[in-house]
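Participant: Input: one structure, supplied below.
Nothing in this text is a laboratory measurement; each read-out follows from the coordinates by a stated rule. All of these numbers come straight from a predicted model, not from anything done at the bench. Positions of Cβ are generated from backbone atoms using ideal geometry, with glycine treated the same way; all protein chains shown enter the neighbour counts.
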Amino acid sequence: MVKQRTCIFISGTGSNLKSIINHSRDPNFPIKINLVLTNNKDAKGIKYAKKFSIPFKVLEYSNKKFERIALREVIGKKIKLICLAGFMKILSKNFIRNFDGKIINIHPSLLPKYKGLNTFKRVLKNNERYTGCTVHFVDEKLDNGRIILKKRVKIYNSENEQILKKKVQNEEHRIYSMAIRKIYI
Ligand code: GRF
């Protein structure tokens, strides 16, 4: 199988990057990670790129300059899919238009509910019984594009933000790769 050339954008811990790397080692997984880009030189996730000898670039710049260089890198590596995995910059309309339908993101809520930041805090404050995570295509509005896959997680009374985050992230690590497989079926 010809694997789609993929770039992962990260800003932090990189636990989703790690899980996608693990899945991508399966010969039948539809993508190969050819590049990792980050806007944060201290992103812990960089260590996974290093460990698996995946080329990575640190682009600690303003949004405009970040996008200009990121575009050059991604085009240079003939990237066909961009996965945002804990990437904390908001990409411009212009950047997204260059990769229409080829950028996906994972968000820690059951979209369209709880777009934006601090999802766990807001979910607990509203006494929700369920939350979860969503993989979706990126369009010009925040956390808005077509949904590829969602996973629901039950919230128990005793749970705090930290526990909930851990539970949801465990599911993220499963559904991100399932969603990538789904795109290429
Ligand atoms: C994840 O919870 C994801 O849903 C959100 O940012 C977090 C990134 O975690 N967009 P990690 O860097 O993949 O560990």
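Participant: Relative contact order for the range 46-185: what is it in percent, counting Cα pairs under 8 Å that are at least 6 residues apart? The partial results should precede the final answer.
Facilitator: Values: 174 pairs, mean separation 25.2, N = 140.
In percent, rounded to a whole number, it is 18.
Participant: Could you work out the Kirkwood radius for the range 28-185, taking every pair of different alpha carbons, averaging 1/r and inverting it, reported in Å? Walk me through the numbers before you get to the answer.
Facilitator: On the way: mean 1/r = 0.0597 Å⁻¹.
Kirkwood radius, the range 28-185: 16.8 Å.
Participant: Towards the positive end of the charge dipole of the range 4-183, with charges on Cβ (+1 Lys, Arg; -1 Asp, Glu), say which of 95, 177, 114 has the farthest Cα.
Facilitator: Result: 177, furthest along the dipole toward the positive end.
Participant: Now for a different question. Let me spell out the model: positive unit charges on the Cβ of Lys and Arg, negative unit charges on the Cβ of Asp and Glu, origin at the Cα centre of the chain. What dipole size does that give, in debye rounded to 20?
Facilitator: Here the size comes out at about 240 debye.
Participant: Let me ask something additional. Please list 130-138, 17-25, 152-160 highest first by mean number of surrounding beta-carbon atoms within 10 Å per residue.
Facilitator: On the way: 130-138: 22.1, 17-25: 19.3, 152-160: 11.9.
Descending mean neighbour count gives 130-138, 17-25, 152-160.
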